[in-house]
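Following: one structure in structure tokens, then a few remarks.
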């Protein structure tokens, strides 16, 4: 009887130890995030973003319009909102591009990693184009009055990439920079919108 009791206790202890050992190998998501509140910084013309606070501009947001001509209904003009990487170590992304302006755009909690479409230094991309020809038309990656739009970015430091995101709101006459965050862990994705 003592032997059976000791055997049962030993089996229970071993099972308990094995259970803990298996549980300790489950993947744990851990992100070391540096968050920036941009306090709804408004872009009415152009804004240079220094995302890693090193005194060097990384991305440029630009909002501009121009008269493209005249029609019977009046002036035909365009307004463009664009982003451009101006630093060799920074790239940006709207998500996964299937064809020109055909994106699976980043949404809250989408993973920003190396698997999405990236645009590097010197590339300018219009994320919305508004055309007025007597009525408003909107073409581009985002619709005119979308809110909580996200752009992914990656920063190259040495041989490592660090992934981050920027939240923007757009309207006809301005771009608003809301917030951004970057994962300080190299080569580790970050969910869009993740701050802690």
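The values are calculated or read from the model by the stated rules, or taken from the named source; none is laboratory data. Computed from a prediction, not measured in an experiment: that's the story for all the values here. Neighbour counts are summed over all protein chains in view; Cβ atoms, including those assigned to glycine, are modelled from backbone coordinates with ideal geometry.
Kindly evaluate residue 118 against the criterion of being at pLDDT 90 or above and in contact with a strand residue (DSSP E or B) (Cβ under 7 Å, 6 or more places away or on another chain). Walk me through it before giving the result.
On the way: at pLDDT 90 or above: yes; in contact with a strand residue (DSSP E or B) (Cβ under 7 Å, 6 or more places away or on another chain): yes.
The answer is yes for residue 118.
Is it true that some residue in the range 1-17 is within 23 Å of residue 113 (Cα to Cα), assigned to a loop (DSSP other than H, G, I, E, B), modelled with pLDDT under 90 and out of contact with any helix residue (DSSP H, G or I) (no Cβ under 7 Å at 6 or more places or on another chain)? Quick ask: steps written out before the conclusion?
Within the range 1-17, the subset within 23 Å of residue 113 (Cα to Cα) is none.
Scanning the range 1-17 turns up no residue that is within 23 Å of residue 113 (Cα to Cα), assigned to a loop (DSSP other than H, G, I, E, B), modelled with pLDDT under 90 and out of contact with any helix residue (DSSP H, G or I) (no Cβ under 7 Å at 6 or more places or on another chain).
At pLDDT 80 or above, touching a strand residue (DSSP E or B) at 6+ places or on another chain (Cβ under 7 Å) and surrounded by 10 or more Cβ atoms within 10 Å (Cβ to Cβ): which single residue out of 35, 64 fits that description?
Numbers: 64 fails: at pLDDT 80 or above.
On inspection, the qualifying residue turns out to be 35.
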State whether the residues of the range 154-171 include one that is under 20 Å from residue 126 (Cα atoms) and in a loop (DSSP other than H, G, I, E, B). yes
Does the range 158-174 contain any residue that is touching a strand residue (DSSP E or B) at 6+ places or on another chain (Cβ under 7 Å), at pLDDT below 85 and exposed (fewer than 15 other Cβ atoms within 10 Å of the Cβ)? yes
